[in-house]
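Structure record follows, encoded as structure tokens.
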Amino acid sequence: MKHPYLNEDHEIFRQSLRKFLEKEAYPFYEQWEENRLIPRSFWTKMGEQGFLCPDIDEKYGGSGVDWGFSVVINEELERVGTGTIGIGLHSDIVVPYITAYGTEEQKQRWLPKCVTGEIITAIAMTEPGTGSDLANIKTTAKLDGDHYIVNGQKTFITNGIQADLIVVAVKTDLQAVPKHKGVSLLVIERDAPGFSRGRKLNKVGLHSQDTAELIFEDCRVPKENLLGEEGKGFLYLMEKLQQERLLVAIGAQTAAEVMLQKTIEYVKSREAFGKPVSQFQNTQFKIVEMATDIEMGRAFLDQLIAEHMEGKNVVTKVSMAKWKLTDIAKKVASECMQLHGGYGYMEEYEIARRFRDIQVGAIYAGTNEIMKTIIAKNLGL
Ligand SMILES: Cc1cc2nc3c(=O)[nH]c(=O)nc-3n(C[C@H](O)[C@H](O)[C@H](O)COP(=O)(O)OP(=O)(O)OC[C@H]3O[C@@H](n4cnc5c(N)ncnc54)[C@H](O)[C@@H]3O)c2cc1C
């Protein structure tokens with residue numbers, strides 16, 4: 001399928017990335033799933049090849065290329081498996097907070113190592129008591145001389161176990177009205193006194209992606225680690241969550257394309273009642289319905305990526321893409337599993353893992369219900 005925002009350079013880049021992943025990722029992916037972790041060595045190999053944060057300015061070690069290259073990376077990683085999502089989260093979700101809101105000193109201190117993979121990043125918004133209602137977070141940060149003293153707990157944090165640097169949403173003003181004006185973003189580094197990691201969480205899917213609880217007990221964070229201005233954290237999150245949601249939509253679309261392709265291959269090779277399963281009209285209709293949804297999803301997504309890269313306001317369309325494409329992908333996973341018969345329920349077949357992994361797309365980066373509330377508001381309802 002052709003993407004309007006990609007040219008020959010992106011395609012050459014895709015081929016070299018695919019070759020790299022065939023050598024460094026595909027053969028090990030099952031082991032990573034069993035280990036519940038992608039090793040740091042893979043991160044640094046990605047960094048050496050320029051596959052982390054490629055859009056970062058050359059003066060911080062990046063390649064300074066357009067976001068189309070990031071789209072290619074996220075698509076190719078998704079083809080390996082959704083458990084690689086933490087890498088896209090690093091390059092295209094967390095690091096952009098530093099690029100957009102960091103001071104020159106913060107950028108020089110952190111960005112070069114984010115590009116090489118020596119620093120792995122995470123973003124911590126969700127708490128045990130609140131996820132969707134972000135303005136209601138309870139983690140506090142009180143200024144004490146040159147340091148913020150942070151107290152609270154975060155949960156479901158992608159890259160939580162391995163992260164060296166975490167952008168943490170905290171409350172710096174408990175009295176703020178409206179509440180979201182009390183939210184700020186602090187960068188907390190791995191050796192901050194009072195910071196510890198809780199459980200590595202046991203998930204239904206995304207087994208190779210580490211997800212953890214984080215605990216802050218009188219954690220001392222230098223005040224220079226504040227990102228941007230106090231009280232503007234919520235606004236920063238709302239701005240950057242657009243790219244996060246777009247990334248989830250890109251992952252869901254790519255996963256749906258992979259599942260359909262694998263299922264077409266399977267139904268052509270599997271025989272029942274003396275003929276390939278692909279010859280039954282039900283199989284053909286199911287495949288046709290999925291192919292139609294996927295083709296329409298791709299057209300919408302490609303247009304949206306192009307608009308995002310042009311800097312247009314895409315809040316409504318991103319919310320639409322996020323809920324609709326993850327919804328389509330969930331249906332595709334279910335239909336594809338059914339068309340595999342009993343083998344679809346066996347872990348040896350990729351569709352089993354994808355069926356588990358696809359569910360979370362509707363939940364993280366803002367649930368699909370929250371996407372619908374945003375769209376409704378923007379439609380004037
Ligand atoms: C694998 C995984 C990785 C994650 N990674 C991260 C991460 O790196 N960083 C991070 O900060 N968070 C992360 N999260 C958290 C994720 O973003 C939240 O789980 C999500 O935002 C939902 O919050 P919640 O779990 O508290 O659900 P709740 O907010 O408790 O929602 C429960 C249900 O109520 C519905 N609901 C809530 N409010 C409304 C409303 N106004 N209208 C209609 N329905 C509503 C929801 O849609 C949902 O169905 C991750 C989660 C998972 C599962």
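A few remarks follow.
- Kirkwood hydrodynamic radius of segment 79-167, from the reciprocal of the average inverse Cα-Cα distance over all distinct pairs: 14.5 Å.
- The smallest convex shape that holds all Cα atoms of segment 21-172, its convex hull, gives 126 Å³ per residue.
- Among the listed pairs K268/K331; K200/K324; K179/K377; K138/K324; K138/K200, those beyond 27 Å (Cα-Cα): K200/K324; K138/K324
- Rounded to the nearest 0.05, the FRET efficiency derived from the C-beta distance between S16 and N378 at R0 = 51 Å is 0.80.
- Among the chymotrypsin sites (Phe, Trp or Tyr not before Pro) in segment 261-368, those located in a DSSP loop and surrounded by at most 15 other Cβ atoms within 10 Å of their own Cβ are F273, F280.
- Global geometry of segment 93-250, whether rounded, prolate or oblate, following the gyration tensor of its Cα atoms and the 1.5 cut on a/c: rounded
- The chain - mean residue ellipticity at 222 nm from DSSP helices (-39,500 (n - 2.57) per run, n ≥ 4, rounded to 500): -15500 deg cm²/dmol
- Measuring spread by the Cα atoms of the chain yields a radius of gyration and Dmax of 21.2, 79 Å.
- Taking amide H as placed 1.01 Å from N in the peptide plane, the amide H of L165 sits under 5 Å from that of I120, A122, each at least 5 places away or on another chain.
- With 0.36 nm allotted per residue and the present C-alpha distance subtracted, the T316-K262 stretch has 16.2 nm of extension available.
- Full-extension gain in nm, L174 to K23, via 0.36 nm per residue minus C-alpha separation: 49.3 nm
- Atom-type composition of the exposed protein surface of the chain places 53 percent of the accessible area on carbon and sulfur (1.4 angstrom probe).
- Contour minus Cα-Cα distance for E295 and Q49 (0.36 nm per residue): 85.4 nm
- With respect to the chain, whose longest principal axis is taken over its alpha-carbon atoms, helix 281-309 is tilted by about 30°.
The values are calculated or read from the model by the stated rules, or taken from the named source; none is laboratory data. What you see is a predicted model, and the numbers here were worked out from it, not measured in a lab. Ideal geometry is used to build each Cβ from the backbone, glycine not excepted, and the neighbour counts take in all protein chains shown. Each accessible area value is taken on the protein alone, full model and side chains, heavy atoms only, with ligands, DNA and RNA left out. Shrake-Rupley method; radii C 1.70, N 1.55, O 1.52, S 1.80 Å.
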